[in-house]
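A short worksheet on the structure shown next.
What follows is calculated from the coordinates using simple rules that are stated; it is not laboratory data. What you are looking at is a predicted structure, and each value in this text was computed from that prediction instead of being measured. Virtual Cβ from ideal backbone geometry, glycine too; neighbours counted across all protein chains shown.
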Amino acid sequence: MGKLAVFIILSCVTLIPAVIVVTSRNMVRAALSLVPTFLGVTGLYVTLDAEFVAGIQVLIYAGAITVLILFVIMLTEGGTGLRVRQMNAQTKLGALVAFGMAVVLIAFTTATRWPVKAGTMPRYNAAAVGNAFLTSYALVFEVTSLVLLVSLIGAIIIARREE
Amino acid sequence: MEVGLTHYLAVSALLFCLGLFGVLTRRNAVAILMGIELILNAANINFVAFNKYVSPGAVSGQIFALVVITLAACEAAVGLALVMAAYRGLETAYVDEINLMKW
């Protein structure tokens, strides 16, 4: 019963600010509402025994990406964007598509019989993740770091002021 | 009532659809990127939830989630750099006004 209560609270913390993110006319408010959404997702990771992913989520999403988004909002025209129309002409169609998608996805996920297995997760999560990254997934690890390097160089070159 | 895989999948589906709504209806390129971040978070919840309920004992789903988080950081950096470049060249960050290539 306690687990269900925690799950419901974390879901509300995730989903209610997400509604503000996609509907608010104030861009700064939308960007700051990302923080509780990411923290709610962090809580969901903790309930799923993924402590290392939860820590990385706080560092990268709630810390880095939100700040990056806030900087770009401040650097582009209009700031909060309150005087400008923020939605395009297809708001109703978009809402219809998103609602239909939600109904279809939830119907399929509840109708499918998932091959659920009982078992316990590794006791030390960070150690298990580190071992997996440096043994079975070493290639994934290296390629991801290469992609990160290339994309950061690309971002610097794209954002540089041209002489 | 026990919390199961389906509960997490339902929350993830709702988060995905909110992100989809943002991507489809926002005019500001930064707001569209925020919608994409919500979608990637929904995918990550799925990875971690499947890891716990379908193959407990392994951490492959968490590895995938970490890779997705890294790629989301790359995508945010490049995307926001593109927004800055477009804003500098065209004086706007609203995607329906960026129509140089449109016939």
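Couple of notes before you dig in:
- Among the candidates A:53, A:97, A:84, A:72, residue that is over 14 Å from the mean Cα position of the chain (by Cα) and closer than 23 Å to residue B:14 by Cα: A:97
- Exactly one residue among B:83, B:95, B:59 is touching a Lys or Arg at 6+ places or on another chain (Cβ under 8 Å) and hydrophobic (A, V, I, L, M, F, W, C), and that residue is B:95.
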